[in-house]
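The next block holds one structure in the form of C-alpha cells; read it before the comments.
The values are calculated or read from the model by the stated rules, or taken from the named source; none is laboratory data. Only a predicted model underlies this, so the values are computations on that prediction, with no experimental measurement involved. Cβ atoms come from the backbone with ideal geometry, glycine included; neighbour counts cover every protein chain shown.
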Amino acid sequence: MPAPTAPSVRRLRSTARAMLRFPEPESWLDVDTGDADFPEAARTFFPYTAFDGLDPSPRVLHAQAIERLEEGYQGRLTDPRITARLRARYDVVSLLNRHADPEELRAALAVLRPGGHLLVESPDDPRAELESRGCTIIATARRSAHVPARLAGRLPGTLPPWVTGPLTSTARALDHTLALLLAGTCFAKAYRVIARKEPSAP
C-alpha cells in the first residue's frame with residue numbers, strides 16, 4: 001500500500017502536533033481512518049500510544065493487518081453496537097475532515113474516558129454542541145482543512161490488487177491536486193477544536 005504523499009504527511013503531522021501540549025495518551029481512536037494515514041503520521045509524536053481505527057470500509061482491517069493500527073473496527077461510530085463495545089475506552093478520539101454531526105459527537109464522547117480529549121477538524125464550529133454536553137473547550141483554531149472525502153479513501157476494498165494498485169495511485173494524485181485547487185475556497189478553512197470530556201459530562 002503506498003504511503004501518503006509528502007504534503008499529506010505534513011498536514012497530518014500538523015494535526016497530530018496540536019495534541020503535544022497534553023501528556024502522551026495511552027489509547028487513541030481515529031474515526032473514519034481508512035488506511036490509517038493519520039495514526040501512522042501521529043505515531044511520530046506519540047510512539048507509545050496504542051492507535052485504534054474505525055472505518056466503514058474493510059480497509060481498516062487491512063491497516064490493522066499491516067500494523068498501522070493496534071485494533072481495527074469496521075463500522076460507524078454512531079452504531080450502538082460499536083459505541084457499547086468501545087465505551088469509555090480512549091484517552092483521545094479524533095474526528096477529522098467531517099461535518100460536526102451531533103450524533104457522532106455524542107458517540108465520540110461515549111467512547112472517550114472522563115478527562116480524555118476530543119480532536120475535531122470540521123468546516124462547522126462544534127463548540128456549542130460540545131459545551132452543551134459538558135465539555136471544556138481547550139483550544140480552537142482555524143486552519144487549512146483536509147481534502148473533503150478523499151478519493152483514495154473511497155475505493156472499494158473488494159477489488160483485486162492488480163486493479164487497486166493503479167487506482168490508489170491515481171486517486172492519491174487526484175487528492176493532492178484537489179488540495180491545491182480547493183485552497184482559498186470554503187473548503188480551505190476548518191475549525192480545529194480540542195475539547196476535554198469532564199468527569200461530570202454525560
Problem set entry | In the range 59-106, residue surrounded by the fewest Cβ atoms within 10 Å (Cβ to Cβ) [restricted to those that are without any contact (Cβ under 8 Å) to a residue 40 or more places away in the chain and among the basic types (K, R)] | R81
For this session: Taking Y48 as meeting all but one of (1) surrounded by 15 or more Cβ atoms within 10 Å (Cβ to Cβ); (2) farther than 25 Å from R133 by Cβ, write down the number of the exception.
Result: (1)
For this session: Would you please name the residue that is modelled with the lowest pLDDT, looking only at residues in the range 82-124 that are in contact with a Ser or Thr (Cβ under 7 Å, 6 or more places away or on another chain) and of a type in the set (K, R)?
Result: R98
Problem set entry | Filter pass, G75 being in contact with a Pro (Cβ under 7 Å, 6 or more places away or on another chain) and of a type outside the set (S, T, N, Q) | yes
For this session: Collect the residues in the range 49-58 that are closer than 21 Å to R196 by Cβ and either assigned to a loop (DSSP other than H, G, I, E, B) or in contact (Cβ under 8 Å) with a residue 40 or more places away in the chain (or both), keeping them in residue-number order.
Result: T49
